[in-house]
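The values are calculated or read from the model by the stated rules, or taken from the named source; none is laboratory data. Since this is a predicted model, take the numbers as computed values, not measurements. Every residue, glycine as well, gets a Cβ built from its backbone with ideal geometry; the counts of neighbours run over all protein chains shown. The area values use the complete protein model at the heavy-atom level, side chains included, leaving out ligands, DNA and RNA. Shrake-Rupley method; radii C 1.70, N 1.55, O 1.52, S 1.80 Å.
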Amino acid sequence: DASWSPFQVPGQWWEQGFQVSENQPVALATDFTIPADWNGNRVILRFDAVHAGTTFWLNGQLLGYTENLFTPVEWDITGLALPGRTNRIDMNMLVGSTSESLSSSCTYAFHNLGGIDRSVRVFCLPQAHVRQLQQNAGLDANYVNGELKLNLLLDSGQTTASNLSLAISLLDPEGNAVTPSVANVSIGTISGTNQVNVLTEVTAPLQWTAETPQLY
């Protein structure tokens, strides 16, 4: 309403003229629309960084509390999101948290760092998707051939997913597919989260040096 003040995100309160003490709670709220065609998908709300101990609500329902400060905060809002309609996020923020006391961030900065100081986004994922991907690329014991190790965490969503497969390819610095490349890894049926490990060998890859930095 008219008593609220606009706040630009990403941003800090101090930078935008709001003089707030570390022990004074601040309320932030905004409305946003979720596309109607996201219905049936997983909907994720992600804050890349929030500098405060923060309680989150979506459409009046409690999401939870975090005080990560410098690392991302993600909420799976699938059950509360309203595709095709206006949604509202509310936040109650207090900089004077345990995390702030341990980090002394505001003390080092000489001002209150409170705010949402990195990007915020809402995105959707299919019910079954790759939740995490870890890559480890190295050379064999003779420093001749390459070994590419992939560790994937698959999430089936809220139901059991069947007949799944992964299509994976590796491209050389010119954008051409490397032979042999990994393709069509059969997964089958998964329920909940499942870990999949993939190992493939690359014959005589272009090796990285400071003078010839080859990037696959």
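Taking strands (runs of 3 or more DSSP E) as the structural unit, those lying wholly within the range 140-216 and holding at least 3 residues that are surrounded by 10 or more Cβ atoms within 10 Å (Cβ to Cβ) and either small (Gly, Ala, Ser) or in contact with a Pro (Cβ under 7 Å, 6 or more places away or on another chain) (or both) correspond to 161-166.
Sub-9 Å Cβ pairs linking a first residue in the range 188-216 that is without any contact (Cβ under 8 Å) to a residue 40 or more places away in the chain and of a type outside the set (S, T, N, Q) to a second residue that is open to solvent by 70 Å² or more (accessible area, probe 1.4 Å) and part of a strand (DSSP E or B), at least 6 apart or interchain, are 188/163; 188/165, ordered by first then second residue. Tell me which of these residue 120 doesn't satisfy, since it passes every other one: (1) among the β-branched types (Val, Ile, Thr); (2) under 23 Å from residue 39 (Cα atoms); (3) touching a Gly at 6+ places or on another chain (Cβ under 6 Å). The one condition residue 120 does not meet is (3).
Being open to solvent by less than 40 Å² (accessible area, probe 1.4 Å) and assigned to a strand (DSSP E or B) is the filter here; which residues of the range 15-28 pass it?
As a first pass, look at the range 15-28 and keep what is open to solvent by less than 40 Å² (accessible area, probe 1.4 Å): 20, 26, 28.
Within the range 15-28, 26, 28 qualify.
The lone criterion from (1) more than 26 Å from the chain's Cα centre (by Cα); (2) modelled with pLDDT under 85; (3) of a type outside the set (A, V, I, L, M) left unmet by residue 176 is number (2). The single residue among 41, 59, 87 that is under 18 Å from the mean Cα position of the chain (by Cα), under 27 Å from residue 158 (Cα atoms) and not hydrophobic (A, V, I, L, M, F, W, C) turns out to be 41.
For the range 131-169, filtered to residues that are modelled with pLDDT of 90 or more and within 15 Å of the chain's Cα centre (by Cα), the residue that is nearest to residue 46 (Cα to Cα) is 132.
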